[in-house]
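Nothing in this text is a laboratory measurement; each read-out follows from the coordinates by a stated rule. Please read all numbers here as calculations on a predicted model, not as lab measurements. Every residue, glycine as well, gets a Cβ built from its backbone with ideal geometry; the counts of neighbours run over all protein chains shown.
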């Protein structure tokens, strides 16, 4: 499969949506229970995992191009990914504010 900035940005959005749905699912049946040590550990673990997933989606291909001495392509790829992700985020925020 050929990676593209568009696919990376959409994958990041899908990942974020999946995490949000998972958090909502957990909240639906744990809303009246006190927080425990495992809750904090789970949150930090999810945060670290999410940082790794986002780093892969946003930086892996640009870093490969940078290592191949294709600096302009690397920067372009990163900025396109960031731009598409920013546009998707903007649309999501508009949709949330309309509701």
Inset, instruction - Order the peptides 4-12, 67-75 from the highest to the lowest mean number of other Cβ atoms within 10 Å of their residues. - result: 4-12, 67-75
Inset, instruction - Only helical DSSP H runs with n ≥ 4 go in: add -39500 (n - 2.57) per run for the chain, normalise by residue count and round the 222 nm mean residue ellipticity to 500 deg cm²/dmol. - result: -31000 deg cm²/dmol
Legend entry - Three-way shape call for region 16-99 based on the alpha-carbon gyration tensor, with the a/c threshold at 1.5: oblate
Legend entry - Cα-projected label distance for residue 60 with residue 32, points at 7 Å along beta-carbon direction, nm: 4.4 nm
Inset, instruction - May I ask you to order 44-52, 26-34 by the average number of other C-beta atoms within 10 Å around their residues, highest value first? - result: 44-52, 26-34
